[in-house]
1. From the list B:L148, B:L133, B:L144, which residue is in a helix (DSSP H, G or I), facing another protein chain (nearest Cβ under 8 Å), at pLDDT 90 or above and buried (at least 17 other Cβ atoms within 10 Å of the Cβ)?
2. Condition check: surrounded by 19 or more Cβ atoms within 10 Å (Cβ to Cβ), facing another protein chain (nearest Cβ under 10 Å) and not basic (K, R). Does B:M99 satisfy that?
3. Six or more apart or on different chains, Cβ under 7 Å: which pairs go from a residue in the stretch A:30-53 that's of a type in the set (D, E) to one that's within 13 Å of DNA strand F (Cβ to nearest atom)? Could you list them?
4. Output the residues belonging to the stretch C:52-88 that are more than 16 Å from DNA strand E (Cβ to nearest atom) and within 14 Å of chain D (Cβ to nearest Cβ).
5. Does at least one position in the stretch C:111-120 carry a residue that is within 16 Å of DNA strand E (Cβ to nearest atom) and surrounded by 18 or more Cβ atoms within 10 Å (Cβ to Cβ)?
6. C:K41 fails exactly one of the following numbered conditions: (1) surrounded by fewer than 16 Cβ atoms within 10 Å (Cβ to Cβ); (2) closer than 30 Å to C:L156 by Cα. What is the number of that condition?
7. Could you give every pair whose Cβ atoms fall below 8 Å, whose first residue belongs to the stretch B:56-82 and is farther than 20 Å from B:I106 by Cβ and basic (K, R), and whose second residue is within 9 Å of DNA strand F (Cβ to nearest atom) and assigned to a helix (DSSP H, G or I), counting only separations of at least 6 or pairs across chains?
8. So which of A:L30, A:L24, A:L45, A:L65 is among the aliphatic types (A, V, I, L, M) and assigned by TED's automatic domain parsing to the domain that holds A:E119?
There are 4 protein chains.
Amino acid sequence: MAAAIKLQHQDDLLAKARRRQIFLAACRVLARKSFHQATVKEIALEAGIAAGSIYLYLQSKDEILLLLTESMAGELVEALPEIRAHSNNDPRRELLGIMRATLTVIDRYQEAFAVLNHEIRYLERNSQYRAALKRAIDPYRSALAGALERGKDLGLIRYENLRSVTEALHMLCSGWAMGGSFLAKTDRETYWREIAALVEGRFFVPAATAGGKL
Amino acid sequence: MAAAIKLQHQDDLLAKARRRQIFLAACRVLARKSFHQATVKEIALEAGIAAGSIYLYLQSKDEILLLLTESMAGELVEALPEIRAHSNNDPRRELLGIMRATLTVIDRYQEAFAVLNHEIRYLERNSQYRAALKRAIDPYRSALAGALERGKDLGLIRYENLRSVTEALHMLCSGWAMGGSFLAKTDRETYWREIAALVEGRFFVPAATAGGKL
Amino acid sequence: MAAAIKLQHQDDLLAKARRRQIFLAACRVLARKSFHQATVKEIALEAGIAAGSIYLYLQSKDEILLLLTESMAGELVEALPEIRAHSNNDPRRELLGIMRATLTVIDRYQEAFAVLNHEIRYLERNSQYRAALKRAIDPYRSALAGALERGKDLGLIRYENLRSVTEALHMLCSGWAMGGSFLAKTDRETYWREIAALVEGRFFVPAATAGGKL
Amino acid sequence: MAAAIKLQHQDDLLAKARRRQIFLAACRVLARKSFHQATVKEIALEAGIAAGSIYLYLQSKDEILLLLTESMAGELVEALPEIRAHSNNDPRRELLGIMRATLTVIDRYQEAFAVLNHEIRYLERNSQYRAALKRAIDPYRSALAGALERGKDLGLIRYENLRSVTEALHMLCSGWAMGGSFLAKTDRETYWREIAALVEGRFFVPAATAGGKL
DNA sequence: TATGAATGAGTTTTCATTCAT
DNA sequence: CATGAATGAAAACTCATTCAT
């Protein structure tokens, strides 16, 4: 029984490692082509496993998109506690910290993130996936909303509609990766300064008015 | 000879009308599914023509994307003279006018615009298309840039890098259609007020400092 | 009535001229590509008529092959009386004359002839066409066979099996156009001397034995 | 390692066997219809594999023609060493041996050979295929040319132009399969006696003149 | 008679998914 | 667990033929 548990454990570890391989391979492939131009075989080979072996870890090609979502959101969510810890209990710092982390993760996977952001439209129409997507993204969304709410309660942040601001702030980050032929991308740091200034100027209550200081 | 010209003229009109039919059909279909899920046959039938007849007006499925670009950008470009005329020679009004028109067009085709914005990444890798895309979009981009430059010259608008601001402003408009599962879309007018305020607050020189008034 | 007849006559002449145009156009097109690579539209335009107009003179694409057969065989058949007249009643001269004319016609249409010779395999499986093909070719075949028979009767030509010799002699001529990648074609005159010598040496009874002289 | 080699070996064997299946299936189908009338699916099913499986062993439909060329030429080339061995060092025997083998292979695939001989015209316009075709045919062509050259050196065979004779001799063999409606095919042996006599009488130096005897 | 836009059947090719080994 | 050969459904595209003008 102990052996069985250990095996189970090893299997889980193996599966996790394989899924990570597949995730990274998919990111590399999607940096070159669209989701539909990329074949399952190509992603499998890029991951160093045989074409058919993808299906030992994934149910379908579409599930690669779910894997991408879970992996990227996961990296973000893992970073949240430390961001919170370093925010000195100032929701403004926490908000900017989350946005910075978001931009960092997006920057890490750029193209794949843009692809994912497009394909997710169609994925979430499938009720089977919608729940899983929500589960993966919610901790991040909650952290963002939580910081905003606490900021409002403390009189440090102002906004009208929580939901729409939450999404707008995320859009400011993701816009960085989404620009197609219309957008001449600047480097990440330049972009970061731009949106940070935007957020501070528009949403943060001026120091003279607010009680604390950033 | 007159007859020949008339025929030629009629043919042009026919082709133009058919291409418009196809454009509108593609928009309707792309509101339901992705470009790769949509079949040429489906779009043709939606346009009220036979499956094969698409190829009388288009060289390939990809050219549908070019048609979308030309049609949407075309609607925008057609509106430019009047926007200019009504701007009272104030580049700030012209800038906001262009952005409002952009948002209006994007709103009209929403889903199809989002699809186009994604697919255009892959389309523009084909040098044959890149030139055509540029040709379609440039008048719009120039108008935006022109208003910004004139505004700067007159001391009414401030910015650092023309190119990056031009693109950022466009992104503010297109972001409206691009949000996937992350973005809970608010209605267009609410969004418009949001970004208009953003532009006015950040880029426009305060009335106290600037010479004219908006 | 006279007018009607005249019109009919004119119509016939017109149709004949159009069919000639189409024949020549088809030859030009088939010099560049195979029968299946060539489109009806392409041949029509090459003939200087509109795509759909082919069907005023032909029932189907396959009938182009019939037209080719009739036209090429026709040119040959038209030459037969004069060949006969110049043969001085010597079947050997007539035979060589026919073969020379055959080679001339084949040379004139080379590629199209080769294409026709291939496609005719499939055309003649259609009983509707078989009769028409036979009707077009028979005068030529008869002339060839006739010369051989008369030659044999006069003791000037020797052979075993009439049918097989007739065909072999034709093959000698058509081989000139049929060589694909295997055959490095020599010029027509060189080839003609080669096969003429072959015929004289192999089939003709030596002068010492035969009564007359060539 | 041994296992890997064995697997590799087995895979090669499998691919070879499948390609052979496809070759034979193509021959059977092409005995019934032209290359363009034959569909890839039909050939695949005739080969006992699924429609799409053809593409595991072939890049395109056209490559079937290359496969035909390689297979037929291959059968010929495999026979060459033994022909050489049995020729008793007499180039005349070797030459006739090669021609007889050629006729045998052509007889085996008759219709498919005729189709191939036609389609190869268009295939060899593609430079990618030209090289492969040449590679497949060259050993055969060299053997033919080699026998002719050695024969000439020994004073046993006479000819003017090596290249053109080589091709003419091949044409004598292939003509057997090429005759369309014009040629009433005789049986192979009759035809063989015919062309063998032709070669002996025309190209071989008479015994009185030559040193050796056949 | 002449046109050429429209049709839709038919073909090649791709690829997600399965399964015997 | 892992493999990769096999499958077959699906889709873009072509083109002979028709027919309203």
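1. Just a single option satisfies the conditions, and that option is B:L133.
2. Details: surrounded by 19 or more Cβ atoms within 10 Å (Cβ to Cβ): yes; facing another protein chain (nearest Cβ under 10 Å): no; not basic (K, R): yes.
So B:M99 fails the test.
3. A:E46/A:A25
4. Of everything in the stretch C:52-88, those that are more than 16 Å from DNA strand E (Cβ to nearest atom) and within 14 Å of chain D (Cβ to nearest Cβ) turn out to be C:L65, C:L66, C:L68, C:T69, C:E70, C:M72, C:A73, C:L76.
5. No, the stretch C:111-120 contains no residue that is within 16 Å of DNA strand E (Cβ to nearest atom) and surrounded by 18 or more Cβ atoms within 10 Å (Cβ to Cβ).
6. (2)
7. Cβ pairs passing all conditions: B:K61/B:V40.
8. A:L65
The values are calculated or read from the model by the stated rules, or taken from the named source; none is laboratory data. None of these values were measured; they are calculated from a predicted model. Methodologically, a virtual Cβ is constructed for each residue, glycine included, from the backbone with ideal geometry; neighbour enumeration extends over all protein chains shown.
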